[in-house]
Amino acid sequence: MAFEDLGDGRVYQAWVIRPGSQPLATGASTSGNGTLTLDGDVRGARVAVTLEPGPGATAPSVRPFVIGDA
């Protein structure tokens, strides 16, 4: 799945969401065609992507537009 590249300060932010836990930021990119390697065992977790106003988010500021099982 590819999206448009961002050049206006916004980033695509990836999150790992483990059952019963808050989302954990796992990486950000301005590239609409990026890849992300997840460290550790993420089985049973969900992975989500949000469009954030800039890097450094510690919690999603909007609802994820992509979400799936890890």
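A few notes on this one:
- Only one residue of PRO23, GLY56, GLN13 has its Cα farthest out toward the positive end of the dipole of region 1-56, where Lys and Arg carry +1 and Asp and Glu -1 on Cβ, and that residue is PRO23.
- Rolling a 1.4 Å probe across the protein heavy atoms gives the chain an accessible surface of 67 Å² per residue.
- Charging the Cβ of each Asp and Glu at -1 and of each Lys and Arg at +1, and nothing else, the dipole of the chain about its Cα centre rounds to 260 debye.
- Anisotropy class of the chain from Cα gyration tensor, a/c 1.5 cut: prolate
- The relative contact order of the chain, computed from alpha carbon pairs under 8 Å that lie at least 6 residues apart in sequence, is 35 percent.
- Accessible surface of the chain, 1.4 Å probe, proportion on carbon and sulfur as whole %: 52
- Protection proxy ranking of 31-43, 51-63, 10-22 - average other beta-carbon atoms within 10 Å, highest first: 10-22, 51-63, 31-43
The values are calculated or read from the model by the stated rules, or taken from the named source; none is laboratory data. For clarity, every value in this text was computed on a predicted model and none was experimentally measured. Glycine gets a Cβ as well: all are built from the backbone with ideal geometry, and neighbour counts include every protein chain shown. All accessible areas refer to the heavy atoms of the entire protein, side chains included, with ligands and DNA or RNA removed. Shrake-Rupley method; radii C 1.70, N 1.55, O 1.52, S 1.80 Å.
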